[in-house]
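The structure appears right after this line, and notes come after that.
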Amino acid sequence: MNCVAIVAEFKLGKLDPSTYELISKGRDIADAFKTKLYLIMLGEKIDEVIEELSNKGLDQIIAYEHPLLNHYTDAYINILYETFKELKPSLILLIHSFTSMDLAPALAAKLHANIVTNCTDLLIEDNKLIPVRSMYGGKVWVRIGVEDEKPLIVSIQKGVIKPKERIELPKAQILRRSVELKEDELKVKFLRILEPKPAEIDITKADLIVAAGRGVGDKSGLKLVEQLAEALGATLACSRPLIDLGWLPSERQVGLSGKTVKPKLYIACGISGASQHIVGMKDSKIIVSINTDSKAPIFDYSDYAIIGDLRKIIPAIIEELKLKES
Amino acid sequence: MNLVVLLKQVVSSDVEFEISEDGKELNFKKVSYVINEADDYALEAALRLKELTKGYVTVISLGPMRVREALYIAMAKGADKAIHISIEEKLLYSLDPSSVAKILSKAISKTPYEIILTGSESFDYAASQVGVLVAESLGIPHISVVSGIEVLNGAIKVKRELGEGFNAELLINPPALLTIQYGIYSLRYAPVFKILNAKKRSIMTLHLQDLGLSIEEIKPKTRIIQYFAPPKGRKARYITGSPNEIAKNLIKELREAKVV
Ligand SMILES: Cc1cc2nc3c(=O)[nH]c(=O)nc-3n(C[C@H](O)[C@H](O)[C@H](O)COP(=O)(O)OP(=O)(O)OC[C@H]3O[C@@H](n4cnc5c(N)ncnc54)[C@H](O)[C@@H]3O)c2cc1C
């Protein structure tokens, strides 16, 4: 096997901590195959990030710095394509993210590489790499077999790999490369960042959260969940479809494209447990879920599971809370 | 403006199945089919662009006969033309995103287009690859996870989601491919009478031979070797009984844990 290469994950110009998850996984694989681990980084002011990553278990860092690399555009695809054509890694690792959803398949097409995205793990068995991923909204997991002659590109969900503590970490060799970039040669032109509207509440500060999902059915179902939140003195949050339906403002959304919360109590009402939702709440202290579908993936992440109709369960919980008060 | 929508029909999220003993296949217990939610948003975006630019919407779906239902719904919502790439269920299940992209790009290359739209993700496979692979194979630029589109003179201004409420504003020139994110606009519904009317219209049917593709050429590069039950992140205690019993037990547990 040739080397392993990681593409560093940046979010709004800052290194995303999920990069450490990739480094840990990449190191394990590189060691198992007795090969080198590279990290490729593209950005604007990246000196500090290079310094920060220089002793984290990488053999080499290849860094491209340019004002036009502060945000993802097709420049990323072209630079990485040229880099990988030369480096010839057997494995390229990325975080499954808003960036890699665009970048990873484009690289696979250009490099004629095999690609498996949105993975939950990457195993080594009999000297072969076996990507693991989930399907059907998380109702089943699968192991993927890959033709092995070609380079393999794998994107892994954020938060599924627990970085290992390592003691002896050699310093990485740093290779800074210059790039010539002209804005008018890019096919996708970056204009600006649009910031979210100032929020009225910050759900990340809440101790208790009651969250509503599409299972509320209609606004009267949502009202019930709101009443439960009120009865518990908890903050109301939700999964993405309720934002898309315009029933709640986006500041209430938990998950990959919303907020990450870690309350003492998280009650999920009518939420199926898609990975993009789980990533935003799985570290809550106690998780309770109410769902009519006994196979809903949310139950795999819960401490207390209630199989049932929220329209029957929630009024009973509210009654019970009132009873204890009086 | 010529708009092409790649529309997938998927099993709905309440699907029930059992994993076969050898883990090689799924035995479906309860299946109904729907338009993949993100693709429905892609169709919605195309229909709005059609209204704005006096455009023409072609919808393409790959799959067995059942996918025609999705195409009729798309026509009832306002799509002008539907193309069904007909392939058997069994073959469809064996394909990977790269094979699907190969078939779709062959079909698109016979259709005029300025913007190709598809969903940011499918419910069943959730690889988010097909759109970008199609664009790469056609040699056109692409933007993924699009949450807004504005047509300017010649160019289009696109909002791309970045997470936590942030978006990037980008400029791209057609021909281009956009993968559309949930919630870009609110979805229109197709009333039953319109679906019935759509069923009187014709759907263009293509087979792999019509596209000049052999089975060998669409051979998948990745395949599922084993299905297994998702690992449990936490071991849940199931609280059962009547709603009142459940409520009592739950509140007791939460009081003991000192969270309420
Ligand atoms: C790039 C990207 C980013 C995303 N970001 C996010 C994000 O930040 N947050 C997020 O949540 N999603 C996000 N999603 C969407 C995600 O994939 C799922 O579509 C979404 O989480 C599903 O929400 P849900 O569980 O409420 O709805 P569904 O999946 O439709 O689930 C509804 C559940 O309610 C149950 N139910 C139905 N009726 C009842 C009843 N009467 N009582 C009890 N239960 C009932 C059903 O059994 C089902 O399990 C993202 C997707 C993409 C592609």
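The values are calculated or read from the model by the stated rules, or taken from the named source; none is laboratory data. This one's a predicted model, so the numbers in the text were calculated from it and none came from an experiment. Cβ placement follows ideal geometry from the backbone for every residue including glycine, while neighbour counts extend to all protein chains displayed. Note: accessible area is taken over every heavy atom of the protein model, side chains too, but ligands, DNA and RNA are not part of it. Shrake-Rupley method; radii C 1.70, N 1.55, O 1.52, S 1.80 Å.
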Note on the range A:136-150: residues buried by at least 30 Å² of accessible area once partner chains are added (vs chain on its own, 1.4 Å probe) come out as A:TYR136, A:LYS139, A:VAL140, A:TRP141, A:VAL142, A:ARG143, A:ILE144, A:GLY145, A:GLU147
State the Cα centre-to-centre distance between the range B:138-163 and the range A:160-237 in whole Å. 21
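Which GluC sites (Glu not before Pro) in the range A:185-258 sit in a loop by DSSP (not H, G, I, E or B) and have at most 11 other Cβ atoms within 10 Å of their own Cβ?
A:GLU200
Could you look at the range A:203-325 and say what percent of its accessible area is carbon and sulfur, using a 1.4 Å probe and all protein chains?
50
If you average the sequence gap of Cα pairs under 8 Å that are 6 or more apart and divide by the length of the range A:185-307, what percent do you get for the contact order?
On the way: 237 pairs, mean separation 27.9, N = 123.
After rounding, I find 23 percent.
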Relative to the longest principal axis of the C-alpha atoms of chain A, give the angle of the C-alpha long axis of helix A:18-32, reported between 0 and 90° and rounded to the nearest 10°. 50
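Using only protein heavy atoms and a 1.4 angstrom probe, determine the accessible area buried between B and A, summed over both sides, in Å² to the nearest 100. Before the final figure, lay out each step's value.
Numbers: alone 15250 and 17690 Å², together 25630 Å².
Counting both chains, the buried surface is close to 7300 Å².
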In whole angstrom, how long is each semi-axis of the equivalent ellipsoid of the protein assembly as shown, when you take the square root of 5 times every eigenvalue of its Cα gyration tensor and sort them from largest down? 36, 32, 24
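So, with +1 on the Cβ of K and R and -1 on the Cβ of D and E, and no other charges, what is the size of the charge dipole of the range A:232-291 about its Cα centre, to the nearest 20 debye? Walk me through the intermediate numbers first.
Working: 7 positive and 3 negative charges, 42 e Å.
It comes to approximately 200 debye.
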Pseudo-spin-label distance A:THR204 to B:ALA257, built 7 Å along Cα→Cβ, given in nm, is 2.4
Round to a whole number: what % of the accessible area of the range A:17-128 belongs to carbon and sulfur, probe 1.4 Å? 47
Distance histogram for chain A (every C-alpha pair counted, 20 angstrom bins, percent rounded to whole numbers): 29, 50, 20, 1
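For the range A:250-293, what does the convex hull of the Cα positions come to per residue, in cubic angstrom? Let's see the in-between values first.
Values: hull volume 2.9 nm³, N = 44.
Considering the Cα atoms of the range A:250-293, their hull volume per residue is 67 Å³.
Once neighbouring chains are kept in place and the probe is 1.4 Å, which whole percent of the accessible area of the range B:93-149 is contributed by carbon and sulfur? Intermediate results must be reported in sequence, preceding the final value.
Working: 840 of 1520 Å².
Percent of accessible area from carbon and sulfur atoms in the range B:93-149: 55.
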Have a look at the range B:185-226 and report residues whose accessible surface goes down by 20 Å² or more when the remaining protein chains are included, against the chain on its own, probe 1.4 Å, ligands and DNA/RNA excluded. B:LYS221, B:THR222, B:ARG223, B:ILE224, B:ILE225, B:GLN226
Per-selection metrics, the range A:4-185 (Cα): Rg and Dmax in Å: 15.7, 48
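Once you average over the residues of A:114-120, how many Cβ atoms of partner chains fall within 10 Å of each Cβ? Don't skip to the end; give the middle numbers.
On the way: counts 5, 8, 6, 7, 6, 1, 2.
Shielding by partners across A:114-120 averages 5.
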Which value, in Å² and to the nearest 10, is the accessible area of A:SER155 when all protein chains are kept and the probe is 1.4 Å? 0
DSSP loop GluC sites (Glu not before Pro) in the range A:38-87 with at most 13 other Cβ atoms within 10 Å of their Cβ, which ones? A:GLU44
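Mind checking the dipole of the protein assembly as shown: about its Cα centre, +1 per Lys or Arg Cβ, -1 per Asp or Glu Cβ, Debye to the nearest 20?
Charge dipole of the protein assembly as shown: 900 debye, to the nearest 20.
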Cα long-axis angle, helix B:97-108 against chain B (0 to 90 degrees, to the nearest 10): 30
State the Kirkwood hydrodynamic radius of the range A:203-325 in Å, one decimal place, computed from all pairs of distinct Cα atoms. 13.9
List the lysines whose Cα sits under 18 Å from the Cα of B:LYS50, skipping any in the same chain fewer than 8 residues away. B:LYS77, B:LYS81, B:LYS157
Can you tell me the relative contact order of chain B? Whole percent, Cα pairs under 8 Å, sequence separation 6 or more. 23
Selection of GluC sites (Glu not before Pro), the range A:107-174, meeting DSSP coil and at most 16 other Cβ within 10 Å: A:GLU147, A:GLU149, A:GLU165, A:GLU168
Given a cut-off of 23 Å, what percent of all Cα-Cα pairs of the range A:109-265 lie beyond it? 65
Could you name every residue in the range A:183-200 that has 10 Å² or more less accessible surface in the full protein assembly than in its own chain alone (probe 1.4 Å, ligands and nucleic acids excluded)? A:LYS187, A:VAL188, A:LYS189, A:PHE190, A:LEU191, A:ARG192, A:ILE193, A:LEU194, A:GLU195, A:PRO196
Range in chain A, longest, excluding exposed trypsin sites (Lys or Arg not before Pro) [loop by DSSP; at most 15 other beta-carbon atoms within 10 Å]: A:46-163
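Counting alpha carbon pairs within less than 8 Å and at least 6 residues apart, what relative contact order, in whole percent, applies to chain A? Don't skip to the answer; put the middle values down first.
On the way: 641 pairs, mean separation 46.0, N = 326.
So the answer I get is 14 percent.
Counting each DSSP H run of 4 or more residues in chain A as -39500 (n - 2.57), what helix-only mean residue ellipticity at 222 nm follows after dividing by all residues, to the nearest 500 deg cm²/dmol?
Working: 8 runs with 89 residues, N = 326.
When only DSSP H runs of four or more count, the value is -8500 deg cm²/dmol.
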Listed by chain and number, the lysines with an alpha carbon less than 19 angstrom from that of A:LYS182, same-chain partners under 8 positions apart left out, are A:LYS45
Taking trypsin sites (Lys or Arg not before Pro) in a DSSP loop with at most 16 other Cβ atoms within 10 angstrom as exposed, one finds the longest site-free stretch of chain B at B:111-187
For the Cα atoms of chain B, what angle does the longest principal axis make with the long axis of helix B:243-256, in degrees from 0 to 90, nearest 10? 70
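Please tell me which of these pairs span more than 23 angstrom C-alpha to C-alpha: A:LYS164/A:LYS282; A:LYS36/A:LYS88; A:LYS158/B:LYS8?
As for pairs spanning more than 23 Å Cα to Cα, those are A:LYS158/B:LYS8.
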Result for the protein assembly as shown: accessible area per residue, probe 1.4 angstrom, in square angstrom, of 44
Under a point-charge model restricted to the Cβ atoms of Lys and Arg (+1) and Asp and Glu (-1), what is the dipole moment magnitude of the range A:4-185 relative to its Cα centre, in debye to the nearest 20? 560
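Given the Cα atoms of the range A:177-255, and with Rh set as the inverse mean 1/r over their pairs in the Kirkwood sense, what is Rg to Rh to two decimals? Could you put the intermediate results ahead of the total?
Working: Rg = 19.2 Å, Rh = 15.2 Å.
On the Cα set of the range A:177-255, Rg over Rh gives 1.26.
Which number do you get for Rg(Cα) / (2.2 N^0.38 Å) in chain B?
On the way: Rg = 21.4 Å, N = 260, 2.2 N^0.38 = 18.2 Å.
Dividing the Cα radius of gyration by 2.2 N^0.38 Å gives 1.18.
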